Amino acid sequence: MDNMMTRRGFLAAGASCAALAAIGTSTGCSSSQTEPLSTDASVTYTASTLCAGCANKCGIEAWVRNGKLWRFMGAEGHPHSGGYMCGRGQGLPSLTTSEDRVIEPMKADGKGGFTKVSWEDALSDIAGHISGAGQKVALFQDGRATDAWYAKRFMNAIGSANYYDDSALVNADVDAAYEALLGATPIYDTPNSKFTAILGASGDETVRPIEVKEFASAKAAGGRVVAIDPRMAGADMLADEWISVRPGYELAFLLGVAGYLVKSSAFDASFVEKYGEGFDEFKEAMLQYTPKWAATKCGVDEAKIAAVAQGLQDAAPHCHIDVRPGALLGCGYSNGFETVRTAVLINAMLGTANAAGGMFISKVPSVDGAFDVDSFTKVSEAKGAAAEAPAFGAASCQEALDKGGFDVALFVESDPVADWPDTTKVGQNLDSIGFKVVIDSVLTDTAQKADYVLPAATYLEASSVIAPAAAEWSIVEMRNKAVEPAGEARSVHEIIKDIAQACGKGDDFDFELDDVNSALCEAYGSSVTLAGLHDTGCTSIPGCDVKAGDEPAIATESGKIPFASSEFEKAGLSKVPQYADPTVAPNDHMPRLITGAQSFQTRTYTADAPKLAAYASDMAAQRAWLNPQTAANFGIADGDEAELSTSTGKVRATIRVTELINPEAVYLPPHYGVESKAMAQAAGFGVRVWNLVPRASEQATGAGMVCEVPVEIRKVGA
């Protein structure tokens, strides 16, 4: 990638998110950047596309020279990027030209290696195993996938209901609470907020580039930002104050806030009467919780809890609690759903819905009927053997893998060996499957167990199915191909279509990607056009803008926010939020294991990007974090090596001793410990946190409960 950002420039840009706070953003997707950046005639602008560094899918612009990626930068009009890219987004393009890329179909040679095979032979053999297997075929896909529509259609076509993504191990509790309480994903109006409480930001350090400016704007206007988190990282660094809460006891903190507000009658009576149901029952239940009671549970001084409650009360309705999805509150604890539920209801009781600085309830129209047209073969939804879904979530990928009974499994840009809890059990689960296919761009740890590995194009080498993104002006966005795929790599949707054709299901895919996207464009509205999306990568959805003062579009079945509901009782919860301890009670002698994606890494799909791997090494980012108090208990100093062990396994890790973590926690990042030597950039760096995490699921949502883990710690050599 000639003339791309140098490693030194990348490191400087990625080292501090504060560097991203500069100019403003527009309120719509911009036109393509056609102004020349070089006098070299071989340099051409190719695409407005989407980053794949995390689920935010920030907009980026790409230029090529002589067919190779030359430059990329943030798209000014995209609501997540605002013209900027985070460090992760800047480093991930290096994966496209990595020497570790899989660029041709590979077949296991039976000796622990692979040999090249033609696409024709690979597809024929794969189809032979799939055809007739029906419900004994399963497909596992990364939750960030932009081609899930193809994968689900393929599974329906072959008659299997066994499609799973990894949401149970990422955001299940957050997504489920939003859906159950609002019927939509809320958007927090940070720049106009007078008081913001950020919850759980260290569970995923991702900060959307434009957010840096938004937090700065709020503070410049006199707003206050408080972070409530067991570890200070990510968006916490943008706060005025970090409150170190005991890991797993965030629910107690929030209930203490709710009790304070109810006792002070600090709720919007007209709002809860018009838009809520069961508020009187909720109000009565909250009276038992006080800041004093909460302090005994969450380890935060009573005065700090009261101060947060009073800050929200004084600022209402121009305030909000910003719940950050990720490993802490998205899939961390047995009480995770109740924690998110309580945060959303506090926002609601203060009347922040669609108030300036509050919680905007986004609008995204349903397009379920987009394919009920003659140009698409109707494929019935497969029924049958899929793992049973919990009350408020999707069927769990890890429970499905554990249930087993599959003859064939396809892993589409999904690496359960390296990214799912209980590595040993995952390996055993995979060994029980007779035939395995991995579709990916590198030879992952899961690929090393596969019969075939099919080379997937990277995000810069492929276009995608369009999808909505919730915002104050909700958009549809599309990934556009910036460069040609390396070698024989193909886009995921093309590979799925090729497998379907080989299985005799070609009639179910007798259309092109543009046909799919044209149907979706029509469903979203006349102003959404395929030509426009090819040009800008995103466009606003007609009638889906939300302005301060608008009537909130609450999309629950009743059209109201359930402060109390019998539906929660049916799921094994209480009608109203109710305190429950996490399953594990941590302490400074046996701390709780917590994890969460770093700002420059997410999972092992980013770990092998050369620039990101180099940055991780330079920063010694693989270290485990311990509070000085906890480290002293074990006789550990900064830089020492320690053995961490749980009921599931043990690892040796270098320790970082820091005040930026609660004494009852030990942090390990989730994306290191890659063992596949074919991922040369990442192999052997750090340890795999999932060796320590047992397999468990939260009852109501199926969330993975990956932080309900007590850890024994021993200094190596002591």
_Please list Cys86, Cys538 from largest to smallest accessible area, probe radius 1.4 Å, with all protein chains kept in place._
Cys86, Cys538
*asked:* Before I look further, what does segment 659-718 give for accessible area per residue, probe 1.4 Å, in whole square angstrom?
replied: 33 Å²
*asked:* Which order do the peptides 587-596, 318-327 come out in when sorted by mean C-beta neighbours inside 10 angstrom, highest first?
replied: 318-327, 587-596
*Simple Cβ-charge dipole of the chain, Lys/Arg +1 and Asp/Glu -1, about Cα centre, in debye nearest 20*: 1460 debye
*Which of the pairs Lys219/Lys481; Lys274/Lys570; Lys436/Lys570; Lys219/Lys292; Lys403/Lys715; Lys378/Lys547 have their Cα atoms more than 31 Å apart in this structure?*
Lys219/Lys481; Lys436/Lys570; Lys403/Lys715; Lys378/Lys547
*Return the loop-located GluC sites (Glu not before Pro) in segment 645-703 (DSSP other than H, G, I, E, B) with at most 16 other Cβ atoms within 10 Å of their own Cβ; answer none if there are none.*
Glu659, Glu675
*Estimated 222 nm signal from helices in the chain, with DSSP H stretches of n ≥ 4 weighted -39500 (n - 2.57), rounded to 500*: -7500 deg cm²/dmol
_Checking the a/c ratio against 1.5 first, then a/b against b/c, what shape does the Cα gyration tensor give for the chain?_
rounded
*Percent carbon-and-sulfur accessible area, the chain, ignoring ligands, DNA and RNA, probe 1.4 Å*: 47 percent
*asked:* What does the net charge come to around Glu104 if you take all other residues with beta carbon closer than 11 Å to its beta carbon, with K and R at +1 and D and E at -1?
replied: +3
_Run through segment 447-498 and list the GluC sites (Glu not before Pro) located in a DSSP loop whose Cβ has at most 16 other Cβ atoms within 10 Å._
Glu488
*First select every other residue whose beta carbon is under 12 angstrom from the beta carbon of Ala486; then total the charges, Lys and Arg +1, Asp and Glu -1.*
-3
*Considering only the chain, what is the antiparallel percent among its DSSP beta bridges, to the nearest 5?*
50 percent
*Please compute the net charge surrounding Ser131, taking Lys and Arg as +1 and Asp and Glu as -1 over other residues with Cβ under 13 Å from its Cβ.*
0
*How about segment 31-130: which trypsin sites (Lys or Arg not before Pro) there lie in a loop by DSSP and see at most 14 other Cβ atoms within 10 Å?*
Lys111
*Under a 1.4 Å probe, what is the accessible area of segment 429-522 per residue, stated in Å²?*
30 Å²
*Which value, in Å², gives the accessible area per residue of segment 583-622 when a 1.4 Å probe is used on the protein heavy atoms?*
29 Å²
*Compactness ratio of segment 470-535: Cα Rg over 2.2 N^0.38 Å, N = residue count?*
1.36
*Within 10 Å, count the other beta carbons around each residue, average over each peptide in 135-141, 260-266, 249-255, and list them highest first.*
249-255, 135-141, 260-266
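The values are calculated or read from the model by the stated rules, or taken from the named source; none is laboratory data. The shown structure was predicted, so the numbers you read here are calculated from the model rather than taken from an experiment. Cβ: placed from backbone, ideal geometry, glycine included. Neighbour counts: every protein chain shown. Calculation scope for accessible area: heavy atoms of the full protein, side chains included, ligands and nucleic acids excluded. Shrake-Rupley method; radii C 1.70, N 1.55, O 1.52, S 1.80 Å.
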